[in-house]
1. So, ILE168, is that one in contact (Cβ under 8 Å) with a residue 40 or more places away in the chain, out of contact with any Phe, Trp or Tyr (no Cβ under 6 Å at 6 or more places or on another chain) and under 22 Å from ILE121 (Cα atoms) or not?
2. Residues that are more than 9 Å from the ligand (Cβ to nearest atom), more than 28 Å from GLU119 (Cβ to Cβ) and touching a helix residue (DSSP H, G or I) at 6+ places or on another chain (Cβ under 9 Å): list the helices (runs of 4 or more DSSP H) wholly contained in region 138-241 that include at least 1 such residues.
3. Using beta carbons and a limit of 9 Å, which pairs, at least six apart or on different chains, have the first residue in region 89-112 and part of a loop (DSSP other than H, G, I, E, B) and the second one among the hydroxyl-bearing types (Ser, Thr, Tyr) and modelled with pLDDT under 95?
4. State which residue is surrounded by the fewest Cβ atoms within 10 Å (Cβ to Cβ) when the search covers only region 20-50 and only residues that are within 16 Å of the ligand (Cβ to nearest atom) and in contact (Cβ under 8 Å) with a residue 60 or more places away in the chain.
5. For residues that are within 14 Å of the ligand (Cβ to nearest atom), in a loop (DSSP other than H, G, I, E, B) and crowded, with 23+ Cβ neighbours inside 10 Å, tally how many sit in region 244-261.
6. How many residues are within 24 Å of GLY264 (Cβ to Cβ), small (Gly, Ala, Ser) and either more than 20 Å from the chain's Cα centre (by Cα) or modelled with pLDDT of 95 or more (or both) if we restrict to region 45-90?
7. So ALA132 ticks every box in (1) farther than 18 Å from SER166 by Cβ; (2) crowded, with 16+ Cβ neighbours inside 10 Å but one. Which box is left unticked?
8. Just checking, which of VAL209, VAL186, VAL263 is in contact (Cβ under 8 Å) with a residue 60 or more places away in the chain and of a type outside the set (Lys, Arg)?
Amino acid sequence: MAQLLEGKLIAERLRNEAAAEAAELKKSGVVPKLVAVQAGENPASAVYLKSQKNQCAKVGLDYELRTCPADIGQAELAAEIERLNQDRSVNGIILQMPLPGQLDGRKLQAAILPEKDVEGITPANLGRLVLAKPRFVPCTAAGVMELLKSTGDNLYGKEAVVVGHSEIVGKPLALLLLAEFVTVSVCHIATGERGHLADHVGRAEILVVAVGKAGLIKGEWIQKGATVIDVGINRVGDKLVGDVEFEAAAERAARITPVPGGVGPLTVAMLIRNTVLAARAALG
Ligand code: NAD
């Protein structure tokens, strides 16, 4: 039976480090501040936003949620972001996705000052990832790397398969793994459609799945002794499950993340860490 890879303890360590750094900054009169901007209210974002608020309070950061009207125009929201860019008391800006259909989210994200882009999603920060000179790394991908590093395993030369190629998880994670000289295959919808998913998954010593489809990855596909990181979050009835058939996969894997409680706790912890780093950098 696989060992459980839980994010809780690592998240707690990251929060403690951030709290110590925030206390240090306070001596210079600085309280790091994170501002989340949303357009309209989306029930799917509520849990994430609540967790941001609670964890900022725990660590001693200022937090503000700005809810704009759902019918806000592109120029108006861009102006709001620009105000936050200029506001010296604000260190981190999050633009909560998804946005209502009239808005071009990609353009608005790109308008965030890279120094305040604590989610690491601006072209400038993603570009730095390609150059292996990261500033802020997309939080979930960074969380997966923390989990992998917590195992103490040497990553050098390992075979990793990442299923899912989103801009916030799969693609940045592939770059972070490459920076550690891991051999990475990235699978996506077309891999699944051609029926090649099982072959790829079977080769993975490290498997990371970020798709959003319950039961997509069959337990029997998993290589014996693999490390399995399930990023997916799916509601099935009144339960949350990942993308991997947990019970069957745990029979073969050496380590596996639970859902919930695996990667999830690390995402907000990374956001907090990035906000504190942004505040320190702003101080010079
Ligand atoms: P996304 O929804 O933007 O993209 C889904 C990806 O899955 C795409 O690359 C797509 O090509 C691929 N895909 C779809 N069907 C497939 C199939 N049959 N076979 C292989 N690949 C397939 O991805 P996202 O935003 O990274 O989210 C993925 C999942 O991770 C969701 O469940 C989301 O809720 C979860 N998530 C969790 C956290 C966390 O903090 N734990 C953070 C972000 C996302």
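The values are calculated or read from the model by the stated rules, or taken from the named source; none is laboratory data. These figures come from a predicted structure and were not determined experimentally. Here the Cβ is made from the backbone with ideal geometry for all residues, glycine too, and neighbour counts use every protein chain on show.
1. Yes, satisfied.
2. 197-202
3. As it stands, the answer is GLN96/SER45; GLN96/TYR48; MET97/SER45; PRO98/SER45, since those pairs meet every condition given.
4. TYR48
5. Of the residues in region 244-261, 1 are within 14 Å of the ligand (Cβ to nearest atom), in a loop (DSSP other than H, G, I, E, B) and crowded, with 23+ Cβ neighbours inside 10 Å.
6. The total comes to 2.
7. Looking at each condition in turn, ALA132 falls short on (2).
8. So the residue among VAL209, VAL186, VAL263 that is in contact (Cβ under 8 Å) with a residue 60 or more places away in the chain and of a type outside the set (Lys, Arg) is VAL263.
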